[in-house]
Amino acid sequence: MVMNKAMLADIREALEMASATAAAAYVKGNGGAELALKANNALRCLKQLEEAEKCNGWSNWETWNVKLWLDNEQGTYCDVRDLIRDNTLDDGSAAEALKDYCEQLCFGDEAPASMATDLLRGALSDVIWQEIAAAYAEELVDENGEA
């Protein structure tokens, strides 16, 4: 089973509720110490799991990998910076333009139906485009004070 962010958030919420309930029971003298301890240990494990999901400071491996490849070739890097400069972060157009650009790089005008295409589309669907767009926008601001 693959854990997504919504599942992790639900688990975190349930553990926090269990911890709070157990702590309240303990304070009232109705036991709960063991449950509170277990819930807190589970919360620590969950935090480690969430951190493990991240990759080199990015939200996930797919986002990090796309940014790495975009930075790897100067022509692509310059194209992406121009694309970010021409779009805005606030309305999501920069992220959407970045996604469209990358899909065009990967698939061209028409991708063949294949397992490789499906796997690549699956990986690209996990990319957090807004995170990459924001990183490029920050670079532009750092360089010349404008996005």
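For this structure, a couple of remarks:
- Inter-residue pairs, beta-carbon under 7 Å, first under 18 Å from residue 141 (Cβ atoms) and in segment 65-92, second in a helix (DSSP H, G or I) and among the acidic types (Asp, Glu), 6+ apart: 77/71
- Qualifying positions in segment 84-102 - surrounded by fewer than 17 Cβ atoms within 10 Å (Cβ to Cβ) and either touching a Gly at 6+ places or on another chain (Cβ under 7 Å) or at pLDDT below 95 (or both): 85, 86, 88, 89, 90, 91, 92, 93
- Taken as a whole, segment 44-52 holds no residue that is in contact (Cβ under 8 Å) with a residue 24 or more places away in the chain and over 30 Å from residue 14 (Cβ atoms).
- Any chance residue 63 is in a helix (DSSP H, G or I), within 17 Å of residue 131 (Cα to Cα) and under 26 Å from the mean Cα position of the chain (by Cα): yes
- Of the residues screened, residue 77 is not one that is surrounded by 12 or more Cβ atoms within 10 Å (Cβ to Cβ), at pLDDT below 75 and part of a helix (DSSP H, G or I).
The values are calculated or read from the model by the stated rules, or taken from the named source; none is laboratory data. A quick note: this is a predicted structure, and the numbers were derived from the prediction, not measured. All Cβ positions, even for glycine, are placed from backbone atoms using ideal geometry, and neighbour counts span all protein chains on display.
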